[in-house]
C-alpha cells in the first residue's frame, strides 16, 4: 500500500515517535487528538515491559500527549497474551517489573520459582545475580525461555543501560538456549495488537523510528510503514538495510491533516 488515505487504523511506536527523553515530539499531542476526534482506531506500541498501560498513560499525559490506557499495547501485554494462548493457566518465573507481572496475573498465570512452565525475562532496573542464576537453573531444568523484547540497551539520561536482550544473552550463554522474543521485531506483536482493535493489515499503518524493529516488523505484518526521523534513524542508518518503509517523514507532525482553506 502506498496511499495513506486507505488507512483505517494506526499503530505507532512511543519512544522516538511521540516522546523523546520525557518530552513530547513535534505534532505528537495533536496527532493523537486528531485520531480521537475522528474516531480512528489506534494503539501506541512499546517494547518497554516495565510499566502498565495506566502508568504509561500517566507519563504521556505529563508530556501533553493524552493517550487512554486502553490505547497502549506493550510487549508485556503481548507476552501475556501469547503465553495464555500457548498454555492457559500456566506457571512462570518472571524477572521484570509491574508491567509484566500484572499482565501475566491478569492472563491467569501463577508466578513461581517452583517447576515453572516458562522463564520470562522482561525489562527492569534491578537485575540481580540471584534472579539471573535462578533463571539459568530453571531453563536448564526444562522451563521454556521467553524474552519480552530483544533490545540490548535502553536509554537513560546518563547513557545506555543494559536491557532485556543483554540479560537474555547472558542466560543463553550459560544455558545454550535462545529465548523466543515476543516484542518487536516479531510481527506477532503487531498482529496481537491489531486483533485488539479489530484492524486488518491491508488498512493499517505503522509509525516507527527504527528500521530494525518497527519498519521490518511492519513490512512482515503487511502494514503501511512510516519511518520518522525523530528517533535514531537518519539517512545513513536507513541506507544500511535492504528494505524501505513506504514513507519517510521528519516527524509525526507531517501526518497532521491541514485545515481546509476557505475560498
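Values in this text are rule-based calculations from the coordinates and carry no lab data. As the structure is a computational prediction, the values presented were derived from the model and not from experiment. No Cβ is skipped: glycine too gets one built from the backbone with ideal geometry, and neighbour counts run over all protein chains shown.
For residue 37 and residue 232 in the same chain, what is the full-extension length gain: residue separation times 0.36 nm, less their Cα-Cα distance, in nm?
Roughly 67.2 nm would be gained on extension.
Report, to one decimal in Å, the Kirkwood hydrodynamic radius for region 164-259 based on all distinct Cα pairs. Can you show the working numbers first?
Numbers: mean 1/r = 0.0672 Å⁻¹.
With all distinct Cα pairs of region 164-259 included, I get 14.9 Å.
Report, to the nearest 10°, how far helix 164-175 tilts away from the longest principal axis of the Cα atoms in the chain, using its own Cα long axis and a range of 0 to 90°.
In the chain, helix 164-175 runs at an angle near 30 degrees to the longest axis.
Considering the chain as a Gaussian network with a 10 Å cut-off on Cα pairs, which listed residue, 236, 143, 28, attains the greatest mean-square fluctuation?
236
Can you tell me the 0 to 90 degree angle between the C-alpha axis of helix 129-140 and the longest principal axis of the chain, rounded to 10?
Around 80 degrees separate the two axes.
On a full-extension model of 0.36 nm per residue, what is the gain between residue 133 and residue 111, subtracting their alpha-carbon distance, rounded to one decimal in nm?
6.2 nm
Please compute, over every Cα-Cα pair in region 1-116, the percentage with a separation greater than 19 angstrom.
Details: 3434 of 6670 pairs.
Value for region 1-116: 51 percent of Cα pairs lie more than 19 Å apart.
So how much slack lies between residue 250 and residue 178, counting 0.36 nm per residue of separation and subtracting their Cα-Cα distance, in nm?
Computed gain between residue 250 and residue 178 is 22.3 nm.
Sort 127-140, 6-19 by packing, meaning the average of other beta carbons within 10 Å per residue, with the highest value first.
6-19, 127-140
Helix 188-197 against the longest principal axis of the chain: what's the angle in degrees, Cα atoms only, rounded to the nearest 10?
Value to nearest ten degrees: 60.
Using a Förster distance of 22 Å, how high is the FRET efficiency between residue 200 and residue 3, based on the Cβ-Cβ distance and rounded to 0.05? Working shown, then result.
On the way: r = 15 Å, r/R0 = 0.70.
Calculated value: 0.90.
What number do you get for the chain when its Cα radius of gyration is normalised by 2.2 N^0.38 Å, N = residues? Write out the running numbers ahead of the final one.
Details: Rg = 18.7 Å, N = 263, 2.2 N^0.38 = 18.3 Å.
Dividing the Cα Rg of the chain by 2.2 N^0.38 Å gives 1.02.
Within the P(r) computed for region 77-181, what percentage of the Cα pairs occupies the region above 24 Å?
16 percent
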